[in-house]
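Notes follow the structure.
The values are calculated or read from the model by the stated rules, or taken from the named source; none is laboratory data. Bear in mind that the values here come from a model prediction, so they are computed numbers and not experimental data. Heads up, the Cβs are rebuilt from the backbone with ideal geometry, glycines too, and the neighbour counts pull from every protein chain shown. Side chains are part of the model used for accessible areas, which takes the heavy atoms of the whole protein and leaves out ligands, DNA and RNA. Shrake-Rupley method; radii C 1.70, N 1.55, O 1.52, S 1.80 Å.
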Amino acid sequence: MTAKTYAILNYGCQMNESDAEHYAGQLQELGYKAAEDFHDADVVVVNTCCVRESAEKRILGKIGELKGVKANHPGQIVCVAGCMAQKDGEKLIKKHPQIDLLIGTAHVNGFKEILSEYLSEKGERVYNSLEVKESEFEGERIRQSGFSAWIPIMYGCNNFCTYCIVPYTRGRERSRDIESILNEIRDMHEKGFKEVTLLGQNVNSYSFEKEGETITFPILLDRVAKEVPDMRIRFTTSHPKDMSDDTLRVIAANDNICKFIHLPAQSGSSRILKVMNRKYTREWYLDRIAAIRRIVPDCAISTDLFCGFHSETEEDYQETLSLMREVGYDSAFLFKYSERPGTYAASHLEDNVPEEEKVRRLQGMIDLQNKLSEE
Ligand code: SAH
Ligand code: SF4
Ligand code: F3S
């Protein structure tokens, strides 16, 4: 008998890449082998993202395509997981009957049981409560590469930037037990991995109470670096409001911590940052950049920026360009604002920069970054 096969179609951020490793691990435990082509797979997991409308549209196209694929492959199981599954729940299944299972972001580790129950025709089809289970943190992982591993250290986000859907799709912020993190990293080390990336929407606010001690991000980072001195340590994402000098000193003091910081600015205008609820000003952000240069000289810096948010004027936009020049980012992820239903901005802050204007501003940012990267 030939083994059953699976395919994972993954979209979105590193958190989704990490979750995809969990899905692969559990499918392999159930005896599935990776399919060469998703058309032929017995189980297809579409791991979705909805941070911008463009991502959502592309994924909906893929889900639509699976209707035809499944028609040619009776018995194929289509699972839709990740942030769209979390956000749209039952609505998705009603509109797309080819979906067998819908798995929200807090159920990644329950997938093995969810799928087994479904196959024995006992289970439900929709799992999207955001109720957090301890087991969320553990589970057998099959890694995509034998070199570099994602290690989630925290889940969810409490920041509620007004434009952003992530707090609604990933739930409240929760930090993972430091022992569980260290165990996983030791295991990766034993298996010959050379690099780990500590993951979270806002790693700098990591906080875990252990025997009366509060383990903060710099303490965790230092422990990790010293635990596996021959592995390279990376981390992402840092929120500028919580990027402390303590963290920078830990980076400087440990040779195996990568001298690279992704510090999303979002905008160069303090007025827009306030409308975004980012909780820092341009001046604060530039002070954090100065601290990086001072404490970790030669550190590479990258960022995320987007244009065209509610009420952004030409003047605000020019401040974003001037921030880019002033910092001289090594690289930048550049976007235009995409209104996300369910966010504060969608109900309170009109999407009032015309699309042509967003496109023009985005192109200006791209051109400038290309020039800066060349230099
Ligand atoms: N937790 C990370 C980023 C999460 S989303 C952080 O706070 O930096 C990744 C990036 O997508 C964000 O940094 C932002 O630049 C962009 N983004 C988020 N929501 C968006 C929206 N509604 N429209 C356009 N870009 C958005
Ligand atoms: Fe979204 Fe802001 Fe949280 Fe990042 S910090 S995930 S941008 S709400
Ligand atoms: Fe997308 Fe969800 Fe990540 S919306 S960016 S996959 S947290």
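Quick notes on this structure:
- On a per residue basis, region 159-277 carries 38 Å² of accessible surface, using protein heavy atoms and a 1.4 Å probe.
- Seen against the Cα atoms of the chain and their longest principal axis, helix 217-227 is set at about 70 degrees.
- Dipole magnitude for region 25-158: about 500 debye, using +1 per Lys or Arg Cβ and -1 per Asp or Glu Cβ, origin at the Cα centre.
- Degrees, to the nearest 10: 14-29 long Cα axis against longest axis of the chain: 20
- A simple charge model with +1 on the Cβ of Lys and Arg, -1 on the Cβ of Asp and Glu and nothing else charged puts the dipole of the chain at about 360 debye relative to its Cα centre.
- Nearest 10 degrees, 0 to 90: helix 83-95 Cα axis against the chain principal axis: 40
- Across Lys241/Lys371; Lys67/Lys94; Lys62/Lys112; Lys4/Lys95; Lys194/Lys259; Lys210/Lys279, pairs whose alpha-carbon gap is larger than 19 Å: Lys241/Lys371; Lys62/Lys112; Lys4/Lys95; Lys210/Lys279
- CD proxy at 222 nm, helix term only [per DSSP H run n ≥ 4: -39500 (n - 2.57); per residue of the chain; nearest 500]: -12500 deg cm²/dmol
- In straight-distance terms, cross-link reach from Lys70 covers every one of the aspartates and glutamates whose alpha-carbon lies under 14 Å from its own, apart from those fewer than eight places away in the same chain; here that gives Asp37, Asp40, Asp42, Asp100.
- Across region 115-125, rounded Karplus estimates of 3J(HN,Hα) from the backbone phi angles (6.51 cos²θ - 1.76 cosθ + 1.60, θ = phi - 60°) give 5, 4, 5, 5, 5, 8, 6, 9, x, 8, 10 Hz, Gly and Pro being marked x.
- Accessible-area composition of the chain, carbon plus sulfur, in percent [1.4 Å probe]: 51
- Rounded if a/c under 1.5, otherwise prolate or oblate - region 219-277, Cα gyration tensor axes: prolate
- Charge dipole magnitude, Cβ of K and R +1, D and E -1 - region 164-208, Cα centre, debye nearest 20: 180
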